[in-house]
Amino acid sequence: MWRLLRMERCGVSFRRQVPAFGYILDFYSAAVGLAVEVDGSSHNPAQDAKRDADLGRRGIRTLRFTNRQVLEDSARVVDYIRSEVVQRQQQIPYLRELRRAAVEVRDARRRERKL
């Protein structure tokens, strides 16, 4: 997977083994807030769902693939990642605006508490 992502076939740069919010992401592109996880047989679906939800609240979308998918159908995996990258790139202005609004609300609440 790293070979496929490293060559920027997906349109953005990815880093591997990236620490984020107490987790280690297999692959991560900060440019679009996208994590790619390759799951072997040792993954716990309940823990993965909690982790994905936690990261999602922080604006990070997680894509999960099995080892088998990556090994047997890497072209389809890369196409799916690429399509998600394009979708995220289109959402970035909206996401920035949403984040800016959330910060403004937070700051206003802090100011109100001080009064």
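Out of segment 7-59, which residues are under 18 Å from SER74 (Cα atoms) and acidic (Asp, Glu)?
GLU8, ASP26, GLU37, ASP39
Residue by residue through segment 73-93, note down the ones that are more than 12 Å from VAL32 (Cα to Cα) and either loosely packed, with under 10 Cβ neighbours inside 10 Å or at pLDDT below 80 (or both).
Matches in segment 73-93: ALA75 only.
Taking into account only those residues within segment 1-32 that are basic (Lys, Arg) and modelled with pLDDT of 80 or more, which is farthest from GLN47 (Cα to Cα)?
Narrowing segment 1-32 to residues basic (Lys, Arg): 3, 6, 9, 15-16.
Imposing the further condition that a residue be modelled with pLDDT of 80 or more reduces the set to 15-16.
Working: ARG15: 23, ARG16: 20 Å.
Result: ARG15.
Taking segment 34-45, which residues are of a type outside the set (Val, Ile, Thr) and at pLDDT 90 or above?
Of segment 34-45, the ones of a type outside the set (Val, Ile, Thr) are 34-35, 37, 39-45.
If the condition is that a residue be of a type outside the set (Val, Ile, Thr) and at pLDDT 90 or above, then LEU34, ALA35, GLU37 are the ones that fit.
Filter segment 33-61 for residues that are aliphatic (A, V, I, L, M) and surrounded by fewer than 16 Cβ atoms within 10 Å (Cβ to Cβ); which is farthest from CYS10 (Cα to Cα)?
Our first condition is that a residue be aliphatic (A, V, I, L, M); within segment 33-61, this holds for 34-36, 38, 46, 49, 53, 55, 60.
Then keep just the ones that are surrounded by fewer than 16 Cβ atoms within 10 Å (Cβ to Cβ); that gives 46, 49, 53.
Working: ALA46: 29, ALA49: 25, ALA53: 24 Å.
Per the stated criteria, the residue is ALA46.
The values are calculated or read from the model by the stated rules, or taken from the named source; none is laboratory data. The shown structure was predicted, so the numbers you read here are calculated from the model rather than taken from an experiment. Here Cβ is always computed from backbone atoms with ideal geometry, including for glycine, and neighbour counts include all displayed protein chains.
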